[in-house]
Amino acid sequence: TWPRIQGYVGGARAAGEALGRVELWTCGATHGFFPALLHHPRMIQAQVELAVGSHLRATGRTPRGMWLPECGFAPGVDAVLTRHGIANTALDSHAIVNANPRPRYGTAAPLVTPEGLACFGRDASASHQVWAAEVGYPGDALYREFYRDVGFDNPYEDVQEFVAADGTRQNTGLKYYKVSGRGAGRKLPYDPLEALERTKLHALDFVYARRAQVRRLASRMDTAPVVLAPYDAELFGHWWFEGPRWIENVFRALEPVRDDLEPATLGRYLTQPPTHDVGEPEVSSWGAGGYAGVWLDPGSSWMLRHVDHACNELVNIARHHAHAGGLRERAAKQAVREVMLLLSSDWAFLIKTGGAPHYARARFEAHLARFRRLGLMLLSGDIDPVWLADLEARDNIFPDVTFGWAFDPT
């Protein structure tokens, strides 16, 4: 249940933060791509306000950091973040390296924006060592092969209870081969013990490389260098089955703590005395190409005019019905939920990559249609309570919708 999850998350955070080892950040409410919303700053505010509120309810504390959706940054976003108590964030490497003015130390130190937001840049070498397709750790020959699964390998009669209702084969999670060689006929049986031993070697290699890197940086810096190594959580345990054990072994390799290399939260790093460079990070994302092309692609650009209209209309709805009480206020809150879901960056991403274009289009059109119907009901004053209750149960994100973003100056 949600209260139990809140208890687990809150307790884990309290224990981790007491030890100085954990710093939980929030994200955009529905992963809206902020650079595409610059002409709708109130929607960026709504994304941040709702996210901060949800984080507070789940953990009991206001977040000090935010992972920007798609790592998307543009001037003006920092003002919204700092207004809501966000002190630091992480950006892709080129956002810092190409900042104006260029910072002295690149991604080895945070860049503080004119609004006071500390921006840490992803370290390219640490990312390459783990993520690179050919030389990254997950591709080692001893690790479990993700793409071989008995749901596809075994005879149909052996796996029929695991296939889809229409007979389509699917992953079962039972994977018996290691990466080994290329090609189906060259895969060898997976040995979990030797794979776990390999995680120890890779952890030592990673720590050794970071220690050498930090020593080089420190020799020409007047402040302690920082190496930011962020990864998608789905890498660990999903794509890279042994990934969680690798993380554990990295931290074990860092014990006992040495003077030249120490794990730290970014908030803790910022407590250091030195003053960091001030500048404006480059407009950027970590999508393909590094900018906004994924979310402004011709294949999904038709969405933009609908988003533009919905954002303008939602501000009017919020201002007229936010405190109306009864069905009107409920409908206004549901309108907020539908637009927030409409703004998800995932819809354009799934169309661009071809991952699930029909699903993405259907979801976008469904949320748009629901929002439009809510708007018409509020305009006429004739609100269908049965349909509204069904919608509230179906799209029930953000139980406590707030409207401060609609009234605050931008």
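The values are calculated or read from the model by the stated rules, or taken from the named source; none is laboratory data. If you're wondering where the values come from, they're calculated on a predicted model, not measured in any experiment. Because the Cβ atoms are built from the backbone with ideal geometry, glycine has one as well, and the counts that use them run over all protein chains shown. Areas reflect the complete protein model, heavy atoms only, side chains present, ligands, DNA and RNA absent. Shrake-Rupley method; radii C 1.70, N 1.55, O 1.52, S 1.80 Å.
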Total charge dipole magnitude, the range 212-313, about the Cα centre, Cβ charges on Lys, Arg, Asp, Glu only, Debye to nearest 20 = 340 debye
Please work out, to two decimal places, the log10 of the ratio I(q)/I(0) at q = 0.07 Å⁻¹ from a Debye calculation in which every Cα of the chain carries one identical scatterer.
-> -0.41
Provide the FRET efficiency to the nearest 0.05 for the residue 132-residue 369 pair, computing r from the beta carbons and using R0 = 56 Å.
-> 0.85
Which value, in debye to the nearest 20, describes the size of the charge dipole of the chain about its Cα centre when Lys and Arg Cβ atoms bear +1, Asp and Glu Cβ atoms bear -1, and nothing else is charged?
-> 440 debye
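Per residue, how big is the convex hull of the range 146-236 when only Cα atoms are used? Give it in Å³.
Working: hull volume 13.1 nm³, N = 91.
Convex hull of Cα atoms, per residue: 144 Å³.
Might you report the magnitude of the Cβ-based charge dipole of the range 302-401 about its Cα centre, with Lys and Arg at +1 and Asp and Glu at -1, to the nearest 20 debye? Mind dumping the intermediate values first?
Values: 13 positive and 12 negative charges, 43 e Å.
That gives the range 302-401 a dipole magnitude of about 200 debye.
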Residues of the chain: accessible area per residue at 1.4 Å, in Å²?
-> 50 Å²
Cα centroid separation, the range 318-340 to the range 348-410 (Å) | 11 Å
With a 1.4 angstrom probe the carbon and sulfur portion of accessible area for the chain, in percent, totals 56 percent
Between the range 67-91 and the range 108-184, the alpha-carbon center distance in angstrom = 29 Å
Whats the longest run of the chain with zero trypsin sites (Lys or Arg not before Pro) that are DSSP loop and have at most 16 other Cβ atoms within 10 Å?
-> 221-410
Indicate the gyration tensor shape class of the range 101-161 (rounded, prolate or oblate), computed on the Cα atoms with a ≥ b ≥ c the square roots of the eigenvalues: a/c under 1.5 is rounded; otherwise a/b larger than b/c is prolate and the rest oblate.
-> prolate
Residue among 323, 100, 72 farthest towards the positive dipole end of the chain, charges placed on Cβ | 100
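Looking at the range 215-294, which chymotrypsin sites (Phe, Trp or Tyr not before Pro) are DSSP coil and have at most 15 other C-beta atoms within 10 Å of their C-beta? Intermediate results must be reported in sequence, preceding the final value.
Numbers: sites: 231, 236, 239, 240, 241, 246, 251, 269, 286, 291; in loops: 231, 239, 241, 286, 291.
Hits after loop and neighbour filter: 231, 239.
Considering only the other residues whose Cβ falls under 11 Å of the Cβ of residue 372, what net charge follows from Lys and Arg at +1 and Asp and Glu at -1? Let's see the in-between values first.
Working: positive: 370, 373; negative: 313, 338, 365.
For residues surrounding residue 372, the net value is -1.
Per residue of the chain, what 222 nm ellipticity follows from adding -39500 (n - 2.57) for every DSSP H run with n ≥ 4, rounded to the nearest 500? Please list the in-between numbers first.
Values: 16 runs with 189 residues, N = 410.
Roughly -14000 deg cm²/dmol at 222 nm, from the helical runs in the chain.
Normalised by the residues of the chain, what does the relative contact order come to in percent, with Cα pairs under 8 Å and at least six apart?
19 percent
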